[in-house]
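The structure appears below as structure tokens.
Each value in this text was obtained by applying a stated rule to the coordinates, not by laboratory testing. Note that the structure is a prediction, hence the values are computed from the model and not measured. A quick note on method: Cβ atoms are made from the backbone with ideal geometry, for glycine too, and the neighbour counts reach across all protein chains shown.
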Ligand code: ADP
């Protein structure tokens, strides 16, 4: 843009403006990938429901209805519907975990862990040492612990009774460290970082899930200024998730 207000004798001047759009383009590309994956993941159960509905129609129009067969078609429809419900629930959590204003208060993590174990009906499977108090958003931190404990209970070998231990310690001045240890199947080699990416699943389809839980967890921890890592136990008997949050002082 030429600048003409500097008088007839002055050197001609121009104003150049640079704007960095890299972040905006990256965010747009991320959103497009996100929307594509959501559409794909929602279409799967929807197609299943359509398929089972067609089977039901065929069975009904054939005249001789087999109640056991009809029951199993309906059961499959229920499973697909509940997969859609949990994906939509996780998507909503994902959206709110990034946008919801953080309301910092004094939070008793022990109380939260007990409430989670009770509401999941697994008080005998979750052991909780004395945990530090933190300065954090109670709702978001509950979401973090619920996701980590839920995973610890889910990713166990068939027939194994899950055991989850939640411990706490200080992690330098002003920070609390919380660990969630399980007796599950552990993480495949090279997955420790990738499991925190949106929609990334490390164990295929034999375990239900959307691949959003840990992305939500990491986002919440980062919004509190903390960090989160995952690793396998040294004895190979499960995994350990370790996070830091601002300690209450
Ligand atoms: P989801 O459980 O819905 O698949 P998450 O984002 O919570 O999604 O977890 C991502 C992946 O990380 C899981 O699919 C699983 O492969 C792995 N994972 C998470 N927690 C554990 C755990 N406690 N033990 C073993 N693997 C885990």
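Order by neighbour count: 40, 224, fewest other Cβ atoms within 10 Å first, most last.
Going from least to most buried by this count: 40, 224.
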Compute the Rg to Rh ratio over the chain from the alpha carbon atoms, using the Kirkwood formula for Rh, and round to two decimal places. 1.16
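Compute the semi-axes of the equivalent ellipsoid of region 157-210, taking the square root of 5 times each eigenvalue of the Cα gyration tensor, and list them largest first in whole Å.
26, 17, 9
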Calculated from DSSP helices alone, with each H run of at least 4 adding -39500 (n - 2.57) and the total divided by the residues of the chain, [θ]222 nm to the nearest 500 comes to -15500 deg cm²/dmol
Put one equal scatterer on each alpha carbon of region 115-249, apply the Debye formula with no solvent term, and list log10 I(q)/I(0) at q = 0.09 1/Å to two decimals. -0.24
Could you line up 208, 41 from fewest to most neighbouring Cβ atoms inside 10 Å? 208, 41
Within 10 Å of each residue's Cβ, count the other Cβ atoms and sort 142, 62 from fewest upward. 62, 142
Rg/Rh for region 171-249: what does it come to with C-alpha atoms and Rh from Kirkwood? 1.00
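Would you mind giving the three semi-axes, in whole Å and largest first, of the ellipsoid equivalent to region 58-149 according to its Cα gyration tensor?
Square roots of five times the eigenvalues give 42, 18, 6 Å.
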Rounded to whole angstrom, the alpha-carbon centroid of region 33-71 lies from that of region 86-151 at a distance of 34 Å
With contacts defined as alpha carbon pairs under 8 Å and 6 or more residues apart, what's the relative contact order of region 37-144 in percent? 25 percent
If I take all pairs of Cα atoms in region 118-191, what percentage of them are more than 21 Å from each other? 33 percent
Please identify, among 191, 23, 54, the residue showing maximal mean-square fluctuation in a Gaussian network model of the chain using a 10 angstrom Cα cutoff. 23
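What number, in percent, do you get for the relative contact order of the chain if the mean sequence gap of Cα pairs under 8 Å and at least 6 apart is divided by its residue count?
16 percent
Take the alpha-carbon positions of region 23-90, form their convex hull, and give its projected area averaged over all directions (one quarter of the hull surface) in nm².
With the hull built on Cα positions only, its mean projection is 5.1 nm².
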Say we join alpha carbon atoms closer than 10 Å with springs in a Gaussian network model of the chain; which of 64, 237, 51 then has the biggest fluctuation? 64
